[in-house]
Amino acid sequence: MNERIRISPIMLLDENGEKVGVVETDEARMRARDLGLDLVEIAADVRPPVCKIMDYGKYKYEKSKKARANKTKATELKEVRLGRSMKIDQHDIEIRLKQARKFLLEGHKVQIVQNFRGREMAHKDRGNQRMNEIVDQMEDIAKVELYPRMAGRRMTMVLAPDKAKIQSYRQTHGLKEGETGEEDAEAPVAGSNLLNTEEASALMDAVETSSAAPETTSEATEATEDTTAEEPREDG
């Protein structure tokens with residue numbers, strides 16, 4: 001940012017996000033200083049690097065405010081159904097419980113639903129047994145908020161995230177705040193950039209395309225009309 005940007009020239013975006021073009025870094029810094037703003041490097045991994053004129057203090061404040069809002073947003077009740085009946089494959093149950101675990105690690109409550117069909121209603125004990133097994137599997141991150149109960153042909157149970165257990169789970173598995181497992185660990189890391197490499201490249205392509213796009217010529221239009229007008233003739 002500002003004097004710490006050593007590479008020159010740079011691709012400059014003005015305070016409104018509009019492309020200025022490739023300019024010397026000193027010139028860009030001067031433009032930012034005249035506006036009482038900062039010159040911020042938003043994509044360091046492309047050449048030339050992309051920099052933007054902005055109020056960096058305001059940017060950090062808004063980013064922090066948004067992060068706080070995400071943390072304090074209302075907890076949702078997610079529903080995970082264990083099939084249409086008790087006759088569900090164990091592998092399918094594991095897939096559904098993996099999703100339930102993800103919801104719990106994100107801070108949501110989860111309602112587990114077990115449906116019964118036909119004569120299965122005579123064996124509700126099997127449903128209770130399955131629910132108890134789920135409680136045991138989720139014990140490391142969750143607690144039971146509502147124990148299993150019947151409503152018609154549905155047995156439901158609500159699990160709630162246990163903050164202390166989740167914090168311990170994150171430390172044990174090396175997970176950061178907001179990460180839930182392998183799918184988060186594979187997410188691309190942008191480093192110190194405000195944009196990652198792909199986003200920066202896409203931005204550069206879009207800028208170059210918009211500035212260099214040729215207008216449609218009359219010759220091209222006529223060629224198209226000639227092509228569409230020609231039709232194969234059959235010999236009589």
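Kindly indicate the residue of segment 139-160 that is touching a residue at least 40 places away in the same chain (Cβ under 8 Å) and within 13 Å of Gln111 (Cβ to Cβ) and also surrounded by the fewest Cβ atoms within 10 Å (Cβ to Cβ) among those meeting that condition. So that I can check it myself, show each step before the final result.
Step one: list which residues in segment 139-160 are touching a residue at least 40 places away in the same chain (Cβ under 8 Å), which gives 141, 154-160.
The next check asks that each one be within 13 Å of Gln111 (Cβ to Cβ); those that pass are 154-160.
Values: Arg154: 13, Met155: 22, Thr156: 18, Met157: 22, Val158: 17, Leu159: 27, Ala160: 17.
Step by step, filter segment 139-160, then rank; the result is Arg154.
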Exercise. Can Asp89 be described as surrounded by fewer than 16 Cβ atoms within 10 Å (Cβ to Cβ), closer than 30 Å to Glu133 by Cβ, modelled with pLDDT of 90 or more and out of contact with any helix residue (DSSP H, G or I) (no Cβ under 8 Å at 6 or more places or on another chain)?
Worked result: yes
For this session: Mind listing whichever residues of segment 92-127 are touching a helix residue (DSSP H, G or I) at 6+ places or on another chain (Cβ under 8 Å) and of a type in the set (Phe, Trp, Tyr)?
Result: Phe116
Exercise. In contact with a Phe, Trp or Tyr (Cβ under 8 Å, 6 or more places away or on another chain) and surrounded by 11 or more Cβ atoms within 10 Å (Cβ to Cβ) - does that describe any residue in segment 55-68?
Worked result: no
For this session: Tell me, yes or no, whether segment 1-10 has at least one residue that is loosely packed, with under 13 Cβ neighbours inside 10 Å and part of a helix (DSSP H, G or I).
Result: yes
For this session: Write out, first by first residue and then by second, each pair whose Cβ atoms fall under 9 Å of each other, whose residues are 6+ apart or on separate chains, and whose first residue, in segment 61-75, is within 19 Å of Gly107 (Cβ to Cβ) while the second is at pLDDT below 80 and surrounded by 11 or more Cβ atoms within 10 Å (Cβ to Cβ).
Result: Asn70/Gly178
Exercise. Restricting the first residue to segment 113-125 and requiring it to be among the β-branched types (Val, Ile, Thr), which pairs with a second residue that is surrounded by 12 or more Cβ atoms within 10 Å (Cβ to Cβ) and not in a helix (DSSP H, G or I) meet a Cβ separation below 8 Å and a spacing of at least six or different chains?
Worked result: Val113/Glu79; Val113/Val80; Val113/Arg81; Val113/Leu82; Val113/Arg154; Val113/Met155; Val113/Thr156
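The values are calculated or read from the model by the stated rules, or taken from the named source; none is laboratory data. In this text, all values refer to a predicted model and were calculated from it rather than measured experimentally. Using ideal geometry, Cβ is built from the backbone for each residue, glycine included, and neighbour counts are taken over all protein chains shown.
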